[in-house]
Amino acid sequence: MDDPTESPQLNLPPTMSLQPLTPPSDHISRMINANHHQSPSRAIYSDRFIPSRSSSNFDLFNISQPSPNSPAVADSHKDDNSGTYTALLRAALFGPETPEKKDVLGPPSGRNIFRFKSETRRSLHSLSPFGFDDDVASGVSHSPVKAPRKILDAPALQDDFYLNLVDWSAHNVLAVGLGNCVYLWNACSSKVTKLCDLGIDDSVCSVGWANRNTHLAVGTSHGKVQIWDASRCKRVRTMEGHRLRVGALAWSSSLLSSGSRDKSILQRDIRAQEDFVSKLSGHKSEVCGLKWSYDNRELASGGNDNRLFVWNQHSTQPVLKYCEHTAAVKAIAWSPHLHGLLASGGGTADRCIRFWNTTTNTHLSCMDTGSQVCNLVWSKNVNELVSTHGYSQNQIIVWRYPTMSKLATLTGHTFRVLYLAISPDGQTIVTGAGDETLRFWNVFPSPKSQNTDSEIGASSLGRTTIR
């Protein structure tokens, strides 16, 4: 067929014939032109669900309802407005979104670190970060917490039993090792300062403030110890000597002790040119706990060899050896009230807090806590101490000494409570865990009151984020 205008001829059965096409009906025309001629009586449905807001109670979420003629209503079917409405509704119901945790050594640069955010209150007792034991002493108040629970978000806070990543200075500044960085949080102003970044191939294993000045020691995974002047954010020096990571630090005036996975303890005089002045040998595994006595005459060390050793200022071999623990000894605390009184705690297979008199070389008592003992600290104001725990209850316990009666059991962490420090005034403790939070607890009375009838509970510091 050469003529394109000629109609094609089809070979059809006798019962069939071609019918001319008819114009579309008015109903079909209205559907085709629905964008221009809206039917007053029938709605046009599509395959996409668009929620109706006509029955929404906007006052419930403090959202002003737009007028019918506003541009927002006219464009309500657009994806951008739908996303905005969804975001507003989600924020009203669940609070602002928080960044996801990232499994990296260093926290993301865009994260807000140590920034408080109050938790949604369901009830006084359900959100209280502590629960009193049934056998709590009658003198302790059972009053609920008056202030909301306060938490600092600490992304990249490592869940490693053998590290010591939190310390509180005499100048009320909290130092925290997060991944490969050290951050400072001023408890008076809530100001956050990034002190140092060790780089992607290194990480912070321990931090320790000098007793009276602004010097901070930082132990690294490469076996080095850095000394920083926090007031100027300047590194003073770097000291070597260890072959493996440095997980424990303890100051005694200008003398700094460092314990390592290489099983040794190095004594460093930061005034001397040498990196260390003596080496203490005795542990058969990683040194994870170090504490100088308040009179600076004795150094206690704990290791993954289940041993607790005591050294004097000049010894290179332990003068006292305690082998009763059956798991790693990280938790060590000297009493500020009685000379020579030492407390130590064992790991998962041990679960015990033991008390020693180093003056008479006597084992005084033992308390089975039922879970891994991660840290110990004595109150400076009253004869009480706090223990933090891991497997399996992740709790914090306030004890009265020497009866070892429980004054309070504090809960809230969802991972092992691996880190503990006490405020300069001796009233507040801060705990850190693998759940990447720091929590503040007001557990001890002030030095002036010396009154154990005060309330034990959460401090009024609030929930924040570090960075």
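The values are calculated or read from the model by the stated rules, or taken from the named source; none is laboratory data. Source: prediction; values computed, not measured. Note: ideal-geometry Cβ built from the backbone for every residue, glycine included; neighbour counts use all protein chains shown. Remember, those area values only see protein heavy atoms, side chains included, never the ligands or the DNA or RNA. Shrake-Rupley method; radii C 1.70, N 1.55, O 1.52, S 1.80 Å.
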Task: Residue check for PRO148: closer than 23 Å to ILE396 by Cβ, of a type outside the set (S, T, N, Q) and at pLDDT 50 or above - done: no
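Determine whether the stretch 166-173 contains at least one residue that is closer than 26 Å to SER392 by Cα and open to solvent by 10 Å² or more (accessible area, probe 1.4 Å). So that I can check it myself, show each step before the final result.
Filtering the stretch 166-173 down to residues closer than 26 Å to SER392 by Cα leaves 166-167.
Next, only the ones that are open to solvent by 10 Å² or more (accessible area, probe 1.4 Å) stay: 166-167.
Within the stretch 166-173, one or more residues are closer than 26 Å to SER392 by Cα and open to solvent by 10 Å² or more (accessible area, probe 1.4 Å).
Residue by residue through the stretch 269-284, note down the ones that are in contact (Cβ under 8 Å) with a residue 24 or more places away in the chain and open to solvent by less than 60 Å² (accessible area, probe 1.4 Å).
Of the residues in the stretch 269-284, the ones in contact (Cβ under 8 Å) with a residue 24 or more places away in the chain are 270, 275-276, 278-283.
Correct list: ILE270, ASP275, SER278, LEU280, SER281, GLY282, HIS283.
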Open item on the list: Out of everything in the stretch 227-250 that is part of a strand (DSSP E or B) and open to solvent by less than 20 Å² (accessible area, probe 1.4 Å), what residue ends up being farthest from GLN313 (Cα to Cα)?
Closed with: ASP229
TODO: Go through LEU195, LEU178, LEU165 for me and flag whichever is more than 30 Å from ALA349 (Cα to Cα) and at pLDDT 95 or above.
DONE: LEU195
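Residue by residue, here is whether (1) open to solvent by 40 Å² or more (accessible area, probe 1.4 Å); (2) in a loop (DSSP other than H, G, I, E, B); (3) not aliphatic (A, V, I, L, M) holds:
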| site | (1), (2), (3) |
| --- | --- |
| PRO155 | no, yes, yes |
| ASP159 | yes, yes, yes |
| GLY208 | no, no, yes |
| ASN211 | yes, yes, yes |
| VAL218 | no, no, no |
Open item on the list: Any residue that is open to solvent by 10 Å² or more (accessible area, probe 1.4 Å), of a type in the set (A, V, I, L, M) and either under 26 Å from GLY179 (Cβ atoms) or part of a loop (DSSP other than H, G, I, E, B) (or both) - is there at least one of those in the stretch 254-267?
Closed with: no
Task: Subset of the stretch 410-448 [of a type in the set (S, T, N, Q) and buried (at least 23 other Cβ atoms within 10 Å of the Cβ)] - done: THR431
- [ ] Would you mind stating whether ASP275 is under 28 Å from HIS389 (Cα atoms) and at pLDDT 95 or above?
- [x] no
